[in-house]
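Some notes on the structure that comes next.
The values are calculated or read from the model by the stated rules, or taken from the named source; none is laboratory data. Computed from a prediction, not measured in an experiment: that's the story for all the values here. Don't worry about glycine lacking a Cβ; one is built from the backbone with ideal geometry, like all the others, and counts go over all protein chains shown.
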Amino acid sequence: MLDLGTAAPDFSLPDVTSGETISLASFAPEKALLVMFICAHCPFVKHIEQELARIGRDYHDQPLGIVAISANSLQTHPQDGPEQLKIQAQQFGFSFAYCFDETQATAKAYTAACTPDFFVFDGERQLVYRGQLDSSRPSNGMAVTGTDLRAALDSTLTGQPVSTEQKPSIGCNIKWTPGNEPAYFGVA
């Protein structure tokens, strides 16, 4: 997992809904930033899509930038291509940028491991949270509330410290292009 206090890695990716290029500079520097690694096909993401849309709406007027990124390989998972991501964003009313990381360089820079995976940075772009949305899973019967992520966002936005007791995300591994697997997965 990326160490707390790490500076947000820069990126420059196309937004599948608008066609605009999105980067760290797209977000006002004094705003906190939520970076989410998601995709269209993963059952763990499908389980929380409505909550992701709610978070986008609930924090719309807050000093928070939000970006979702999909980095799954088109070679192995064409169902996570830009057109399918755009359909997903429209279907659920995502109010945040949804970018496609074709080279997977951004996912590697963030040490993203699965979908979903969440990273919260404060207004100085220092990592304050990396972990799960909440304890719900597609098969455990728990309600999707966003409790863990919302607590981190609320603490960050009110200038309070975020608990360092953070549970890692659980989901489907990012689908790396064959031969492009990151070293942090034990593959050179």
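Within the stretch 162-176, track down each residue that is of a type outside the set (Asp, Glu) and surrounded by fewer than 16 Cβ atoms within 10 Å (Cβ to Cβ).
163, 164, 167, 168, 170, 173 - these are the residues of the stretch 162-176 that are of a type outside the set (Asp, Glu) and surrounded by fewer than 16 Cβ atoms within 10 Å (Cβ to Cβ).
Is it the case that the stretch 75-94 has a residue that's within 30 Å of residue 139 (Cβ to Cβ), of a type in the set (S, T, N, Q) and crowded, with 17+ Cβ neighbours inside 10 Å?
Yes, the conditions are met somewhere in the stretch 75-94.
Where residues in the stretch 133-161 are charged (D, E, K, R) and under 15 Å from residue 62 (Cα atoms), which of them is surrounded by the fewest Cβ atoms within 10 Å (Cβ to Cβ)?
154
Can you pull out every residue in the stretch 145-175 that is in contact with a Phe, Trp or Tyr (Cβ under 8 Å, 6 or more places away or on another chain) and assigned to a loop (DSSP other than H, G, I, E, B)?
Answer for the stretch 145-175, where residues must be in contact with a Phe, Trp or Tyr (Cβ under 8 Å, 6 or more places away or on another chain) and assigned to a loop (DSSP other than H, G, I, E, B): 162, 166, 169, 170, 171, 174.
Here is a yes/no grid of residues against (1) over 19 Å from residue 134 (Cβ atoms); (2) loosely packed, with under 15 Cβ neighbours inside 10 Å:
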position	(1), (2)
12	yes, yes
28	yes, yes
36	no, no
57	no, yes
66	no, no
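Across the stretch 86-101, which residue is farthest from residue 17 (Cα to Cα) among those that are polar (S, T, N, Q) and assigned to a helix (DSSP H, G or I)?
For the stretch 86-101, the residue satisfying everything is 91.
Only residues that are polar (S, T, N, Q), over 21 Å from residue 39 (Cβ atoms) and modelled with pLDDT of 95 or more: list them for the stretch 136-170, please.
145, 147, 155, 156, 158, 160, 166
Say we look at the stretch 95-112 and pick out the residues that are more than 19 Å from residue 169 (Cβ to Cβ) and touching a helix residue (DSSP H, G or I) at 6+ places or on another chain (Cβ under 7 Å); which of these is surrounded by the most Cβ atoms within 10 Å (Cβ to Cβ)?
Residue satisfying both the conditions and the ranking: 100.
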